[in-house]
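Trainee: Quick one: this structure, given as structure tokens, is what I'll be asking you about.
Just so it is clear, none of the values below were taken in a lab; they were calculated from the coordinates. Quick caveat, the model's predicted, so the values are computed rather than measured. Here the Cβ is made from the backbone with ideal geometry for all residues, glycine too, and neighbour counts use every protein chain on show.
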Ligand SMILES: Cc1ncc(COP(=O)(O)O)c(C=O)c1O
């Protein structure tokens, strides 16, 4: 007789094979990379903004699973909602009825952007963007989408077409006939719009790559230019939405910005159930779904599933009850001011930027001779190695997980769970200060590791 499936027993029996299994059956470069930088750890348990390794040592998460863990891991309210929705044995996904949870989540979500009327639910950030691109084309009857250099909107073919980094696109052509402009360049936007074939401009109010903010007034002015030419503004809030930047949506930082379509995903999932949402104006949805024949013209088999909807409703409820947006402003300001104070102290530290709990720390060329020669050696091998040299001891010595904010960038990005507290902020700042002290002392382990990175970068050429 075959044994009944037992998840706990399976993990107990084979959990230790995790790296081997990954190397054999999945993307083999991930374990290879983790091993190279000494990140090949075994984490056993997680809660809130912390996770614990096999020895019981606690780690501070400043990455939030690329932003999906907005409320941290295993928030009790979200977790209960998921247990409850399973226990309810709903007649979900019959596809020929209307379930209550999608309507309730749409209603609650739309309350945060009163100028928008309808929602399409998919399963990821890239799908939320794909939906916006399709809806914009259909609604305007025009083919071309404008996007920003260095933009990141996902990696499926449509979203890839509006990706601003060559490295992601190479070898995947032909893509859609879209056009990049610089974030903030209104003249370029106007020039492209005058060609008369533009459906929309898609933009992250704060770019994830490098943490670059749209200049003050840009989104509002872009919106005016777009609307004058019958084109739409799409705000990609997949990373910046749901409180991340100290407003519910980052576009709300400035008066008068009312995007025609808004893309949401990541944190709406509660970190549990993949979900994407494209919010838009009534007339756009009415055009796309213009007749009964077209009822399924844009749809997704798992879209609006009960687990995702329950998680989303629980997330929005926690955000309100726990005053998450106000908390982000407070804690973000604290972290920001403490980091800014360090800039004049360290010559390798050039800038701290961002809003709320989306913070970029940029390193740059030092002024003193000894450090400059080391810096130049790293830059000659590959840009971004110094930032990597900071990320590695932050994890290895201080048990804090961060990331380099994009290829070839000397920027690290902090996007912790939004529930981090003052103790977490102090822990990060103390650790970061120690790493900066080490880097500026010139010798030692950190620069030795830099030499290892240089050798690898050269070997990979
Ligand atoms: C701004 C932005 N848009 C879209 C995406 C794609 O989301 P997903 O990975 O869920 O497809 C991301 C992911 O990092 C993102 O940051």
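Trainee: Tell me the relative contact order for the range 324-459 as a rounded percent, counting alpha carbon contacts under 8 Å between residues six or more apart. Intermediate values should be presented prior to the final figure.
Mentor: Values: 182 pairs, mean separation 36.0, N = 136.
Answer for the range 324-459 is 26 percent.
Trainee: How high is the FRET efficiency between residue 351 and residue 96 when r is their beta carbon distance and R₀ equals 45 Å, given to the nearest 0.05?
Mentor: Numbers: r = 55 Å, r/R0 = 1.22.
The formula returns an efficiency of 0.25 here.
Trainee: A further question follows. For the range 294-346, what D do you get in µm² per second when you plug the Kirkwood radius from alpha-carbon pairs into Stokes-Einstein at 25 °C and 0.890 mPa s?
Mentor: Numbers: Rh = 14.8 Å.
Translational D for this selection: 166 µm²/s.
Trainee: Under the rule a/c < 1.5 gives rounded, and otherwise a/b versus b/c splits prolate from oblate, where does the range 72-115 land using the Cα gyration tensor?
Mentor: Details: a/c = 3.26, a/b = 1.05, b/c = 3.11.
Taking the square roots of the gyration eigenvalues as a ≥ b ≥ c, the range 72-115 is oblate.
Trainee: Same structure again: Of the beta bridges DSSP finds with both residues in the range 76-321, what % are antiparallel, to the nearest 5? Please report the intermediate quantities before stating the final value.
Mentor: Details: 11 of 24 bridges.
Antiparallel bridges make up about 45 percent of those DSSP assigns within the range 76-321.
Trainee: I need the fraction of alpha carbon pairs in the range 324-459 separated by more than 21 Å, rounded to a whole percent. The partial results should precede the final answer.
Mentor: Numbers: 3535 of 9180 pairs.
Every Cα pair in the range 324-459 considered, those over 21 Å come to 39 percent.
Trainee: Right, here's the next one. Zone of residue 294 (label point 7 Å along Cα→Cβ, backbone N under 20 Å): which residues in the range 127-154?
Mentor: 128-145
Trainee: Gain in length, residue 190 to residue 343, computed as 0.36 nm per residue apart minus the alpha-carbon separation, to one decimal in nm? The partial results should precede the final answer.
Mentor: On the way: separation 153, 0.36 × 153 = 55.08 nm, distance 3.72 nm.
Value of the extension gain: 51.4 nm.
Trainee: Cut-off is 10 Å between beta-carbons; in what order do 33, 446 appear when sorted fewest neighbours first? Kindly include the intermediate steps, with their values, before the conclusion.
Mentor: Working: 33 12, 446 22.
Lowest to highest Cβ neighbour count: 33, 446.
Trainee: How much length is gained if the chain between residue 117 and residue 22 is pulled fully straight, taking 0.36 nm per residue apart and subtracting their Cα-Cα distance, in nm to one decimal? Write down the numbers at each step before the final one.
Mentor: Values: separation 95, 0.36 × 95 = 34.20 nm, distance 4.33 nm.
Contour length minus the Cα-Cα distance gives 29.9 nm.
Trainee: Output the relative contact order of the chain, whole-number percent, from Cα pairs under 8 angstrom with separation of 6+ residues. Provide the component values of the computation, followed by the final result.
Mentor: On the way: 824 pairs, mean separation 86.0, N = 461.
Normalised by residue count, the contact order of the chain is 19 percent.
Trainee: On to the next question. Just how far, in whole angstrom, is the range 389-461 from the range 163-219 if you go by their alpha carbon centroids?
Mentor: The range 163-219 and the range 389-461 have Cα centres spaced 30 Å from each other.
Trainee: Classify the range 161-219 as rounded, prolate or oblate from the Cα gyration tensor: take a ≥ b ≥ c as the square roots of its eigenvalues, call it rounded if a/c is under 1.5, otherwise prolate when a/b beats b/c and oblate if not. Can you show the working numbers first?
Mentor: On the way: a/c = 2.55, a/b = 1.14, b/c = 2.24.
Because a/c hits 1.5 or more and a/b fails to exceed b/c, the range 161-219 counts as oblate.
Trainee: Also, quick follow-up: Does the chain come out rounded, prolate or oblate, given a ≥ b ≥ c as the square roots of the eigenvalues of its C-alpha gyration tensor, rounded meaning a/c under 1.5 and, failing that, prolate meaning a/b above b/c?
Mentor: Numbers: a/c = 1.68, a/b = 1.23, b/c = 1.37.
The shape class here is oblate.
Trainee: Starting from 0.36 nm per residue, how many nanometres of slack lie between residue 83 and residue 58 once their C-alpha separation is accounted for?
Mentor: Working: separation 25, 0.36 × 25 = 9.00 nm, distance 2.69 nm.
Residue separation times 0.36 nm, minus the Cα-Cα distance, leaves 6.3 nm.
Trainee: How do 254, 347 rank when sorted from fewest to most other Cβ atoms within 10 Å of their own Cβ? Walk me through the intermediate numbers first.
Mentor: Working: 254 15, 347 19.
Least crowded to most crowded, the residues run 254, 347.
Trainee: From the helices alone, meaning DSSP H stretches of at least four residues, give me the mean residue ellipticity at 222 nm for the chain, per-run term -39500 (n - 2.57), in deg cm²/dmol to the nearest 500. Please list the in-between numbers first.
Mentor: On the way: 18 runs with 198 residues, N = 461.
Here the helix-only value at 222 nm equals -13000 deg cm²/dmol.
Trainee: Please give the peptides 218-230, 199-211 ranked by average Cβ packing (other Cβ atoms within 10 Å per residue), highest first, as a rough proxy for protection. If you can, show how the numbers build up before the last one.
Mentor: On the way: 218-230: 17.7, 199-211: 24.6.
Output ranking for 218-230, 199-211: 199-211, 218-230.
Trainee: Any idea what the relative contact order of the range 76-321 is, in percent, if you count C-alpha pairs under 8 Å spaced at least 6 apart? Display every interim value, and only then the final one.
Mentor: Details: 447 pairs, mean separation 69.0, N = 246.
Result for the range 76-321 is 28 percent.
Trainee: Quick check: Cα centre of the range 295-360 to Cα centre of the range 66-87, how many Å?
Mentor: The range 295-360 and the range 66-87 have Cα centres separated by 16 Å.
Trainee: What order, most packed first, do the peptides 386-395, 120-129, 93-102 have when packing is the mean number of other Cβ atoms within 10 Å of each residue? Write down the numbers at each step before the final one.
Mentor: Values: 386-395: 21.6, 120-129: 25.7, 93-102: 11.9.
The densest-packed peptide leads the list: 120-129, 386-395, 93-102.
Trainee: Quick check on the range 76-321: what does the Kirkwood estimate of hydrodynamic radius come out to from the alpha carbon pairs, in Å? Numbers along the way, then the final one.
Mentor: Working: mean 1/r = 0.0545 Å⁻¹.
With all distinct Cα pairs of the range 76-321 included, I get 18.4 Å.
Trainee: Which order, highest average first, do 63-73, 167-177, 46-56, 306-316 follow once you tally other Cβ atoms within 10 Å for each residue and take the mean per peptide? Walk me through the numbers before you get to the answer.
Mentor: Working: 63-73: 22.7, 167-177: 10.6, 46-56: 14.8, 306-316: 24.5.
Ranking the peptides 63-73, 167-177, 46-56, 306-316 by packing returns 306-316, 63-73, 46-56, 167-177.
Trainee: DSSP beta bridges in the chain, what fraction antiparallel, as a percent rounded to 5? Provide the component values of the computation, followed by the final result.
Mentor: On the way: 31 of 46 bridges.
Here the share of antiparallel DSSP bridges comes out near 65 percent.
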